[in-house]
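Asker: One structure, pasted below without further comment.
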């Protein structure tokens, strides 16, 4: 066996820069996708006539009111945030697609890691010619 210290391959700066740009683009696109695909809640076309917003009408206690005011909100500016209802409906095809992408990525990483692991072992210890029992 060779006594030389193992030195793994070094990724150049350009490769690291490209990797970082790809990851940044993927994060940006994943955050932008719901907007592009119409996944946001629809606003009503007709404005409703509502009475003036008050902290009591918004069901905010004095502690909540103080926190809203610390953030610079008044009852009028906090009202759209407090009253907007979020939709937690799960669409089966979206969930299935998400699971499929995650599983595919997991197997891709597993396969690439296995290949790289075997390359490192072969570099360090040489190829095995036969099975030793």
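Asker: Just checking, how many residues over segment 1-19 are part of a helix (DSSP H, G or I) and either touching a helix residue (DSSP H, G or I) at 6+ places or on another chain (Cβ under 7 Å) or closer than 23 Å to residue 98 by Cα (or both)?
Answerer: 1
Asker: Tell me, yes or no, whether segment 13-21 has at least one residue that is over 30 Å from residue 123 (Cβ atoms) and at pLDDT 90 or above.
Answerer: No, every residue in segment 13-21 fails to be over 30 Å from residue 123 (Cβ atoms) and at pLDDT 90 or above.
Asker: Test each condition in (1) over 29 Å from residue 33 (Cβ atoms); (2) out of contact with any helix residue (DSSP H, G or I) (no Cβ under 7 Å at 6 or more places or on another chain); (3) part of a loop (DSSP other than H, G, I, E, B) for residue 55 and report the one that comes out false.
Answerer: Here residue 55 clears every test but (2).
The values are calculated or read from the model by the stated rules, or taken from the named source; none is laboratory data. A quick note: this is a predicted structure, and the numbers were derived from the prediction, not measured. Note: ideal-geometry Cβ built from the backbone for every residue, glycine included; neighbour counts use all protein chains shown.
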